[in-house]
Amino acid sequence: LFNVGEIPFPNVYIHPKILDKYGETMSKSKGNGIDPITVIDKFGADSLRFALTHLTTESQDVRLPLDFECPHCGAPVEQTKKNRVLPRIECPKCKKEFATQWAEKEEDKKLPAAPVVGERFEVARNFCNKLWNAARFVMMSMEAQSAECKAQRVEEDDLLLEDKWILSRLATVTQQVTEGIAGYRFAEIARTLYDFAWDEFCSFYVEMVKYRLSDEKLRPVAERVLVHVLDTLVRLLHPIVPFVTEEIWQRLNEIAPRRGLGVLVDASESVTVAPWPEIDAAAINPNIEMRFGRFQDVLRALREVRSRQNVPPKTEMRFVVRCDAELADLLEPMAPYFRAMAGAASQGWGPNVAAPALSSNVAISGAEIIVDLAGLIDVAAELVKKTKDIQKLEGFIKGKEAKLANEAFVGKAPKDVLEKERESLADLKNQLAAAKEACRVLEKSNN
């Protein structure tokens with residue numbers, strides 16, 4: 001209890017309601033709830049815990065769309081207001097019946113049961129898999145090391161730029177998670193750890209140091225940092241995903257029983273009793289974090305162009321970055337990383353770089369990434385494809401304009417529906433303009 005004047009008040013905790021896809025509160029009587037055991041059977045206990053933690057906002061109600069998955073053919077079956085309370089349902093794809101969680105009669109229970117699935121649970125399962133695969137990679141690398149290398153201390157001068165970046169981000173995330181737990185901001189904690197583990201540790205740092213793992217001189221420091229980051233990340237994640245983190249911890253203990261950087265310490269026998277990570281304020285470097293944040297933006301843009309233009313993974317791309325001199329000074333030293341991680345060679349940085357005659361551009365905050373497509377695409381085939389795209393877009397635009405010109409539709413449609421239709425039309429027009437400009441560039445290069 002706490003006192004306001006002379007009157008005692010109890011602590012009050014406010015939590016959101018979980019709503020279904022129709023915006024209705026989940027409840028057993030409505031039949032739109034979910035049996036957690038079925039989620040555990042399908043996705044795992046850690047996936048359920050992570051998804052629910054991610055949903056735990058402070059006061060805003062959240063939606064949890066769910067559907068059935070046919071146990072016969074694996075097809076998704078939409079969960080509707082009508083079928084969500086039925087004990088058995090016929091799959092519209094394979095025409096076979098399956099039982100739901102509401103099956104009570106013996107003949108219904110004999111049918112294969114359909115799991116209830118949702119995108120949030122799939123995202124959580126994929127996250128756990130990503131963490132597990134990254135941990136396996138680190139531990140498989142450590143297994144090949146000698147005991148002397150495993151016990152090697154790491155000094156400040158031994159760290160490369162990418163090491164300082166990941167250790168700075170680790171310290172920043174540790175601080176954010178520690179403060180988030182103290183403030184009961186559980187959804188914020190889940191998002192922070194998801195972004196750090198997936199985007200920064202697994203997708204960037206692990207990829208960056210792979211070349212060092214094949215160099216006997218560079219390998220020991222890279223591995224010590226990898227193990228240190230994994231150790232801390234597992235402890236931060238343990239309250240949310242306890243099973244996968246405990247399994248990683250036990251296996252890590254077998255390979256690297258003494259861990260740390262400057263000071264090596266014996267690891268606890270279980271992550272459950274391991275001390276909470278300390279915040280290394282000295283490791284936080286905002287300038288390095290900003291540099292790598294911009295690096296990540298450019299790297300994503302390069303990968304987007306490669307995917308969009310169907311450039312083979314092993315074919316090297318050439319690119320320039322049009323930006324101000326300050327950003328150019330930040331990014332230019334990162335050129336080797338772009339070649340190693342995106343198969344892209346930089347040809348120039350700054351405000352005055354010249355765009356190639358045939359190029360694909362991606363705009364990011366404060367910069368434009370321009371990829372030279374000469375020799376990478378079949379211009380004639382690309383022209384045919386773009387022409388077809390233009391025809392389709394013009395057809396979609398014509399249909400949208402006719403719909404919005406229909407007084408009967410405009411008069412009856414809700415305001416938010418009309419707004420979405422207008423936004424969709426504007427987006428289609430932007431796509432059309434971009435496609436026509438791409439055709440113009442292709443035709444010019446083909447002459």
Could you list all residues from the stretch 301-315 that are open to solvent by 20 Å² or more (accessible area, probe 1.4 Å), part of a helix (DSSP H, G or I), out of contact with any helix residue (DSSP H, G or I) (no Cβ under 9 Å at 6 or more places or on another chain) and in contact (Cβ under 8 Å) with a residue 12 or more places away in the chain? Glu304, Arg308
How many residues are touching an Asp or Glu at 6+ places or on another chain (Cβ under 9 Å) and either in a helix (DSSP H, G or I) or without any contact (Cβ under 8 Å) to a residue 24 or more places away in the chain (or both) if we restrict to the stretch 255-283? 4
Options Val206, Val273; residue that is surrounded by fewer than 19 Cβ atoms within 10 Å (Cβ to Cβ) and either of a type in the set (Phe, Trp, Tyr) or within 24 Å of Met139 (Cα to Cα) (or both): Val273
Kindly list the number of the only condition in (1) in a helix (DSSP H, G or I); (2) surrounded by fewer than 16 Cβ atoms within 10 Å (Cβ to Cβ) that fails for Ile248. (2)
The lone exception for Phe98 - which of (1) surrounded by 15 or more Cβ atoms within 10 Å (Cβ to Cβ); (2) over 21 Å from Gly31 (Cα atoms) it fails: (2)
Within the stretch 251-264, the residues that are hydrophobic (A, V, I, L, M, F, W, C) and open to solvent by less than 80 Å² (accessible area, probe 1.4 Å) are Leu252, Ile255, Ala256, Leu261, Leu264
Tell me whether the stretch 177-185 contains one or more residues that are under 24 Å from Ile248 (Cα atoms) and at pLDDT 95 or above. yes
If Gly183 meets every condition in (1) farther than 30 Å from Leu55 by Cα; (2) small (Gly, Ala, Ser); (3) open to solvent by 10 Å² or more (accessible area, probe 1.4 Å) apart from one, which number is that one? (1)
Hits in the stretch 116-138 - residues which are buried (at least 17 other Cβ atoms within 10 Å of the Cβ) and over 12 Å from Ser47 (Cβ atoms): Val116, Ala134, Ala135, Val138
Considering the stretch 21-68 alone, what residues qualify as being open to solvent by less than 50 Å² (accessible area, probe 1.4 Å), in a loop (DSSP other than H, G, I, E, B), touching a helix residue (DSSP H, G or I) at 6+ places or on another chain (Cβ under 8 Å) and of a type outside the set (A, V, I, L, M)? Gly31, Asn32, Gly44, Thr57
How do the pairs read when you match residues in the stretch 385-410 that are polar (S, T, N, Q) with residues anywhere that are assigned to a helix (DSSP H, G or I), using Cβ under 8 Å and keeping only pairs 6 or more apart or on different chains? Thr387/Cys439
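Return the residues of the stretch 316-368 that are of a type in the set (Val, Ile, Thr) and either modelled with pLDDT under 90 or out of contact with any Gly (no Cβ under 7 Å at 6 or more places or on another chain) (or both); say none if nothing qualifies.
Taking the stretch 316-368 and keeping what is of a type in the set (Val, Ile, Thr), we get 320-321, 353, 362, 364.
Correct list: Val321, Val353, Val362, Ile364.
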Within the stretch 214-234, how many residues turn out to be surrounded by fewer than 18 Cβ atoms within 10 Å (Cβ to Cβ) and either among the small types (Gly, Ala, Ser) or closer than 21 Å to Trp132 by Cβ (or both)? 1
List pairs: first residue in the stretch 191-216 and of a type outside the set (Val, Ile, Thr), second residue part of a loop (DSSP other than H, G, I, E, B) and surrounded by 18 or more Cβ atoms within 10 Å (Cβ to Cβ) anywhere in the structure, Cβ distance under 8 angstrom, at least six positions apart or on different chains. Leu193/Ile240
Options Arg322, Arg306: the member that is farther than 30 Å from Pro239 by Cα and more than 26 Å from the chain's Cα centre (by Cα): Arg322
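The values are calculated or read from the model by the stated rules, or taken from the named source; none is laboratory data. As the structure is a prediction and not an experimental result, all values here were calculated from the model. Cβ atoms come from the backbone with ideal geometry, glycine included; neighbour counts cover every protein chain shown. Please note that ligands, DNA and RNA were not included when accessible areas were found on the heavy atoms of the full protein model with its side chains. Shrake-Rupley method; radii C 1.70, N 1.55, O 1.52, S 1.80 Å.
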